[in-house]
Amino acid sequence: FQSLTDSVRQEESQEQLNELNKRFELNELKAEKERERMAARQKQLILYMAIASLLVIGLVVYIVLHRRAERRMAILSAEKERMESELRIAHDIQTQMVPSTFPHLEALDMYASMASAREVGGDLFDYLLSDGKLYFCLGDVSGKGVPAALFMTQVVKLFRAIAKQQVKPAEIAARINNELSENNGQGMFVTMFIGCLDMATWHLDFCNCGHNPPVI
């Protein structure tokens with residue numbers, strides 16, 4: 001009977017031990033799952049923090065680039081405005097280079113105007129009244145824009161200076177050509193029609209330097 005009792009007690013102890021082992025295993029399993037869940041949360045937190053950091057960095061980069069772009073646009077706008085202002089001034093100066101008033105002479109009506117394709121250009125005209133003679137010219141410089149306008153200014157000054165010496169149109173053309181040919185590395189040129197009208201005899205002496213044929 002004692003042996004049977006010991007056997008029962010051993011079985012009960014074994015069952016209790018197995019129960020404890022099961023509980024321990026369950027606790028370990030729960031603890032492992034809890035650790036895995038905490039690790040997953042930690043990974044999610046790190047991922048969220050990384051995404052937030054990237055968003056902050058992206059926002060900062062965007063703000064910096066946007067401000068740089070705004071400053072660049074402001075500089076370009078100011079530069080464009082400056083260039084437009086300078087071109088307007090150049091246009092006004094060029095407009096003043098050609099005559100805007102014309103004499104009222106008996107039996108002679110004279111008028112001219114110029115409209116450049118751009119703010120400034122290479123078209124030109126001029127006249128000079130001297131001792132009953134009317135010296136005049138029409139011209140067109142090669143090219144357009146500021147280079148042509150600068151060349152045009154030189155041509156007008158040369159015409160006025162040489163025409164005051166009361167030489168024939170061919171001589172005016174030859175001397176202008178000689179002056180323009182010097183130090184002309186860009187190879188710029190001007191076509192011109194140069195005339196001299198004797199107001200007493202109405203005789204017209206002219207020289208056509210590659211320009212359009214005159215209409216009389």
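Some observations on this one:
- Checking the stretch 32-43 against the condition returns no match, with no residue being over 30 Å from ALA115 (Cα atoms), open to solvent by less than 100 Å² (accessible area, probe 1.4 Å), within 34 Å of the chain's Cα centre (by Cα) and without any contact (Cβ under 8 Å) to a residue 60 or more places away in the chain.
- Any hit, the stretch 188-197, residues being under 30 Å from GLU81 (Cα atoms) and open to solvent by less than 20 Å² (accessible area, probe 1.4 Å): no
- Among the residues of the stretch 128-142, just one is surrounded by fewer than 16 Cβ atoms within 10 Å (Cβ to Cβ) and closer than 30 Å to GLY187 by Cα, namely SER142.
- Evaluation of LYS168 against (1) over 19 Å from GLN96 (Cβ atoms); (2) under 42 Å from the mean Cα position of the chain (by Cα); (3) open to solvent by 40 Å² or more (accessible area, probe 1.4 Å) (one fails), failing number: (2)
- Verdict on PRO103 being open to solvent by less than 100 Å² (accessible area, probe 1.4 Å), touching a Leu at 6+ places or on another chain (Cβ under 8 Å) and in a loop (DSSP other than H, G, I, E, B): yes
- With respect to (1) part of a strand (DSSP E or B); (2) hydroxyl-bearing (Ser, Thr, Tyr); (3) within 13 Å of ASP126 (Cα to Cα), the lone exception for THR191 is condition (3).
- Among (1) in a helix (DSSP H, G or I); (2) open to solvent by 100 Å² or more (accessible area, probe 1.4 Å), the one test that VAL64 misses: (2)
The values are calculated or read from the model by the stated rules, or taken from the named source; none is laboratory data. Since we're looking at a predicted model, the values are computed, not measured. In this analysis, Cβ positions are derived from the backbone assuming ideal geometry, glycine residues included, and neighbour counts consider all displayed protein chains. For accessibility, only protein heavy atoms count, side chains too; no ligands or nucleic acids. Shrake-Rupley method; radii C 1.70, N 1.55, O 1.52, S 1.80 Å.
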